[in-house]
Amino acid sequence: MNGQTSENPESIEWDAIDGILKKEYGEQVPQHYAPKVYYSLGGNEPLDGISIYVDKENKCYHYVTYGFSEIYEKETDQKDISGFGFELTFRLKYTKLLEKYPTWPINLLQNIAKATFSKGLTFKAYQTLSSGPIRLEPSTEIKGIIFTFDPTLKEMKTENGNVEFLQIFGLTSSEYQNIIDKKIDRREFISQVQTKNQLLITDAERK
């Protein structure tokens, strides 16, 4: 929003998110992505940052955004809601831990942010979105997403208002269409997935 960094004394909410993640991942230092030019300074990427943690036990990367909510000082008149009221997360399965995280989820998260910032689109749990292939190379059958609550990061209350952590879960074309056609109930679908995949980790290789 202002292009400040987390070292700024006004970054109350950024630091609050970091605090929640520290409880989750201990002293792990995440890899972090930040745009070269902040959105408020004319850049094309709305999010000021995305942290990527490694969950070795569950073999996944955990992406967490900074920027949908008011991560710096309060700017809106809505006292109970911070910014758009949420931050996004994404858990991606890996078969081999890479030295650097896959970058395509960054593009996915920034593209969602562009729709939010330019068109005012906000998202809630169990809402779906036709994303097209969530990555270009290699090809994938995951061509839609559903928003749900992050299984471990709970709603956060800060001086700037409340923030929900919404997690993206990748859907195959048939899953997405069945949900849209109401052949599958959204909540039941998520509950069924969690019987075998409690953290709702997206597997881009899934058919």
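The values are calculated or read from the model by the stated rules, or taken from the named source; none is laboratory data. In this text, all values refer to a predicted model and were calculated from it rather than measured experimentally. Glycine gets a Cβ as well: all are built from the backbone with ideal geometry, and neighbour counts include every protein chain shown. For accessibility, only protein heavy atoms count, side chains too; no ligands or nucleic acids. Shrake-Rupley method; radii C 1.70, N 1.55, O 1.52, S 1.80 Å.
Quick one: in the range 37-73, of everything that is out of contact with any helix residue (DSSP H, G or I) (no Cβ under 9 Å at 6 or more places or on another chain) and over 22 Å from residue 21 (Cα atoms), which residue is least open to solvent (accessible area, probe 1.4 Å)?
Per the criteria, the residue is 43.
Looking at 147, 117 in this structure, which one is surrounded by 12 or more Cβ atoms within 10 Å (Cβ to Cβ), within 18 Å of the chain's Cα centre (by Cα) and closer than 14 Å to residue 90 by Cβ?
Just a single option satisfies the conditions, and that option is 147.
Which pairs do you get when a residue that is under 18 Å from residue 46 (Cβ atoms), found in the range 57-78, comes within reach of a residue that is open to solvent by 10 Å² or more (accessible area, probe 1.4 Å) and of a type in the set (A, V, I, L, M, F, W, C), reach meaning Cβ atoms under 6 angstrom, with the pair 6+ apart or on two chains?
Pairs that qualify, where the first residue is under 18 Å from residue 46 (Cβ atoms) and the partner is open to solvent by 10 Å² or more (accessible area, probe 1.4 Å) and of a type in the set (A, V, I, L, M, F, W, C), are 66/14; 68/84; 71/14; 72/1.
With the structure loaded, tell me whether residue 131 is hydroxyl-bearing (Ser, Thr, Tyr) and modelled with pLDDT under 95 or whether it fails that test.
yes
Scan the range 172-195 for residues that are open to solvent by less than 60 Å² (accessible area, probe 1.4 Å) and closer than 12 Å to residue 126 by Cβ and jot them down.
179, 184, 189, 190
Taking the condition among the aliphatic types (A, V, I, L, M), crowded, with 17+ Cβ neighbours inside 10 Å and assigned to a strand (DSSP E or B), does residue 112 pass?
Against the criterion (among the aliphatic types (A, V, I, L, M), crowded, with 17+ Cβ neighbours inside 10 Å and assigned to a strand (DSSP E or B)), residue 112 does not qualify.
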